[in-house]
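What follows is calculated from the coordinates using simple rules that are stated; it is not laboratory data. Keep in mind it's a predicted model, so treat the numbers as computed, not measured. Using ideal geometry, Cβ is built from the backbone for each residue, glycine included, and neighbour counts are taken over all protein chains shown.
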Amino acid sequence: MLVWSGQAVSLVGSAAVRFAFVVDVWSTGQRASAVTALSLCALLPQAVLSPIAGAIVDRMRKRSALQLADAGGLLIVGCLALLHYLGLLHSWQIYAATTLLGACAAFQFPALSSAVPLLVRKDQLGRANGLLAGAKSAASIGGPALGGVMLALFGIGPTLLVDLVSYALALIGVRLVRLTGDRPAPPTAGPRRRITAESGEGLRYLFRTPGLRDLIVNFCVVNLVMVFGFALIQPMVLLRADSAALATVNTAIGVGGVAGGVLMATWGGPRNRGRSMMLGIVGMCLSALVGMAFADGVAGWSAAVLIGALLMTVVNSQMQAIVQTKVPQEWQGRVFGAVMFLGYISVPLATALSGPLADHVFEPQAAHGTGLFTVLGPLLGDRPGSGMAGMFLLAGLAGIGVSLWGLASRNIREIDVVLADVDVPDPDTVRDGAQDTADTADSQNAQEGARDEVRA
């Protein structure tokens, strides 16, 4: 809870600053390309650096890796605050700082994910992952709201100071907590390999382990489908309604994520994680994609994405728990770095494809009733946005097909049986054992001291 509370506060502070960055960049020229470029500056370093970051995390103590990520963020935001109060802050520095903060985030995910098994028992991993996911979703709601209030009342300077405080609280939480069994991966025989060579080992580990290989391939395809669909939410809602409707739908996504985190924190997740994840993906696709295709109005859109975000949080929490229990501790940094790389690399690809397809293929076909809309037209209509609704429907059906393949695969459906858990020491047991060892050592020292006195 110490680590979680510090990270939750830090996530809110970072979300507030990101909102302030967007407003600042937009106000300088009111160009959408400038805001998009800022998003890419945050995203690309996380995607590109995550395998290397995972390899570095495995070479370090998890506490040190978490402190490195938080201290890096504190230093970067501190420099921006100093530049602002000296009157030297310019837009290009915001882009550079966003890139560096993305690099710090590349370390944060593998470090925190691999530290969780050192903090809680194996049967509590689902709850812990749910808490972390819920904090991220809560930050996506509260962060922009806080950033908007801070900007309106005080400007960007105090907003940066709030983020500084949030990073400091995260560092304190990591420093105070005890990470049982926290040690770097043992060195391999022979000369130590370069970090760039080790960065690919997480991917190789995933793809040479049958259960994990099938699961990660399934998740990569589902992630591509979900990102492809979610990239269309904003343009479709804006085309059919207005910015207020879009704000409501975005809030519903955050609320769904928080609800999923609370559900996982109280429930802990099902026993059969493989089957439940595939069923959860079916539910995600039916609600957030197929439901969005047929929904009409703010209430329908909000309900569809809320249920989808809730299920997505549950599914992702179980996925993390599987990696935490099936992968040895000394490999988890590299494996989580690989998972992060595979998850993020699909975002620019799906985003780049969805817009042109909507503008040049599906929307014209829907308007004229040609192509696929000779079949889909009677279902979805021909008004503006119907083409994107057709893309939602096709993406949802593709996601359902992939998840049904996962249900048919024993390696995924019964991954808890096919792939044995690694031996993870219980943090409570290890702490008790350490205390017993210390008591025994004190007793032995006392006996040796008594013998020395007798000899004297």
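Details
- Ascending count of other beta-carbon atoms within 10 Å, so fewest first, for 136, 122: 122, 136
- On Cα atoms only, tilt of 243-267 relative to the major axis of the chain in degrees: 30
- Nearest-ten-degree value, helix 156-176 long axis tilted from longest Cα axis of the chain: 40
- Distance histogram in 5 Å bins (all Cα pairs of segment 200-424, percent per bin): 1, 7, 14, 17, 18, 15, 11, 8, 5, 3, 1, 0, 0
- Positive-end residue, the chain charge dipole about Cα centroid, Cβ charges, pick of 25, 395, 295: 395
- Sorted by Cβ neighbour density within 10 Å, fewest at the top, the residues 60, 226, 312: 60, 226, 312
- Cα-based Kirkwood hydrodynamic radius, segment 1-179, one decimal, Å: 16.6
- Farthest toward the positive end of the dipole of segment 198-279, out of 277, 246, 221, is the Cα of 277, where the dipole comes from beta carbon charges about the Cα centre.
- With contributions of -39500 (n - 2.57) from each DSSP H run of at least four residues, the per-residue ellipticity at 222 nm computed over the chain stands at -27000 deg cm²/dmol.
- Placing +1 on each Lys and Arg Cβ and -1 on each Asp and Glu Cβ, with no other charges, gives segment 200-424 a dipole about its Cα centre of roughly 420 debye.
- Cα-centre dipole for the chain with unit charges at Cβ (Lys and Arg positive, Asp and Glu negative), debye to 20: 560
- Footprinting exposure proxy for 79, 285, 41 (fewest neighbouring C-beta atoms within 10 Å first): 79, 41, 285
- Computed magnitude of the charge dipole of segment 143-240 (debye, nearest 20; Cβ of K, R +1, Cβ of D, E -1): 360
- C-alpha long axis of helix 273-284 to longest principal axis of the chain, angle in °: 30
- Toward the positive end of the charge dipole of segment 1-179, with +1 on the Cβ of Lys and Arg and -1 on the Cβ of Asp and Glu, the farthest Cα among 125, 113, 7 is that of 125.
- Loop-located trypsin sites (Lys or Arg not before Pro) in segment 1-100, at most 14 other Cβ atoms within 10 Å (DSSP): 31
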